[in-house]
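The structure under discussion appears below in the form of structure tokens.
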Amino acid sequence: MSVAGASLGLMTGSLIAGIGVNFNLISADRLFEIFLGFTVFLAVLICLSKESLNTKFSVKKLITVLSPTFKLPKGKTAFFIMAAIGYIGSWGQTSFFQALSSKIALLLFNDQDNVILLTAIIYLTVTLPNAVGGFTVGGLNPAKSLKLIMPLTFIIGSMMFLTIAYPHVVIFFITLTLLSFLIGAGLSLLLKILLAGSAVTERADIISFLYFMAYVGSALPNFLIGKVFTNATFIQISFAFIVWIFLYTSAVFILNIYLSKPKKTYKKLNFKETDNT
């Protein structure tokens, strides 16, 4: 849920907004008002919900939790580095579509009238398979599965960006679907490794620290495109992202193999070496 839940929200919101605005069913301003109301509704539900951890409220505790903390349980550093690289790389890769889905839609379809809907469909293709991938691999052995998922992510990701550099609609959607599934699967497995053996009270700190790193990753590529490489073409950007994918998938692949060796830290976790799922 930590990996796939956000993708389900992005998918639903993107599709509803895209259809509504594209067919003049609702204005962009009214969308903001609706989501503001929805946010207030969620805030009320949170206040009425049951706390999962038994802890007494105090102002001192409130002040403490509002202060950012970057800490890890003992023995989690190596796992965190591997997971952080995977999250930074994956979020940086998918942030390309957050910023440029509309331009991709125009490039592939050359349809100005329906660009909002086409943009939503492209983003839907990013988020839906991502959520499915996150849910699907929950029962797999993460150490073994990552040895296959990381190389496939690089291969499929490279093919997908080539279909943007040299436009091909059908292959683009096929490879984007597969890539999004692999990204969701990889993130889910990395989080499973990182949280294995940790206490419930430690997990909020671990996940918040990891997501902080992921947001850094999502901001970096778009910042570079928007502020440094302002005259870059889609072909140049696409090849740059192929290099980006190679770097982060290779790093995760190598670290995963290193941690899988006998006497290394995977042995402290509860992953059964005989698990063939």
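Each residue of region 238-255 in turn: what ³J(HN,Hα) in whole Hz from Karplus with 6.51, -1.76, 1.60 and θ = phi - 60°, glycine and Pro shown as x?
Result, rounded to whole Hz: 4, 5, 5, 6, 4, 5, 4, 4, 4, 5, 6, 5, 5, 5, 5, 4, 5, 5.
Run lengths n ≥ 4 of DSSP H only: what is the helix-derived mean residue ellipticity at 222 nm for the chain, with -39500 (n - 2.57) per run over all residues, to the nearest 500?
So the calculated ellipticity at 222 nm is -26000 deg cm²/dmol.
Would you please put 9-15, 245-251 in order of how densely packed they are, using the mean number of other Cβ atoms within 10 angstrom per residue and starting with the highest?
The peptides rank, most packed first, as 245-251, 9-15.
If one computes the Cα centroid of region 28-70 and of region 164-227, what distance in Å separates the two points?
Measuring centre to centre over Cα atoms gives 24 Å.
Please identify the chymotrypsin sites (Phe, Trp or Tyr not before Pro) of region 7-116 that satisfy two criteria: DSSP loop assignment and at most 10 other Cβ atoms within 10 Å. Which are they?
In loop regions of region 7-116 (DSSP not H, G, I, E or B), the sparsely surrounded chymotrypsin sites (Phe, Trp or Tyr not before Pro) are F57, F70.
Is the chain rounded, prolate or oblate when judged by the Cα gyration tensor, a ≥ b ≥ c being the square roots of its eigenvalues, rounded requiring a/c under 1.5 and prolate requiring a/b larger than b/c?
oblate
Using the Karplus equation 6.51 cos²θ - 1.76 cosθ + 1.60 (θ = phi - 60°), what ³J(HN,Hα) coupling, rounded to whole Hz, does each residue of region 114-124 give in order, writing x for Gly and Pro?
Values per residue, Gly and Pro as x: 10, 5, 5, 5, 5, 4, 5, 5, 4, 5, 4 Hz.
Filter the cross-link list K74/K147; K50/K192; K147/K192; K144/K192; K144/K261 down to pairs whose alpha-carbon distance in this structure exceeds 18 Å.
From K74/K147; K50/K192; K147/K192; K144/K192; K144/K261, over 18 Å: K74/K147; K50/K192.
Which longest run of the chain has no exposed loop site in it, a site being trypsin sites (Lys or Arg not before Pro) in a DSSP loop with at most 14 other beta carbons within 10 Å, and the site itself not part of the run?
75-262
How much accessible surface does E51 have with a 1.4 Å probe, in Å² rounded to 10?
110 Å²
Determine how large the accessible area of V170 is when every protein chain is in place; take a 1.4 Å probe and give Å² rounded to the nearest 10.
V170 exposes around 90 Å² with every protein chain in place.
The values are calculated or read from the model by the stated rules, or taken from the named source; none is laboratory data. Please read these numbers as outputs of a predicted model, since none were measured by experiment. Positions of Cβ are generated from backbone atoms using ideal geometry, with glycine treated the same way; all protein chains shown enter the neighbour counts. All accessible areas refer to the heavy atoms of the entire protein, side chains included, with ligands and DNA or RNA removed. Shrake-Rupley method; radii C 1.70, N 1.55, O 1.52, S 1.80 Å.
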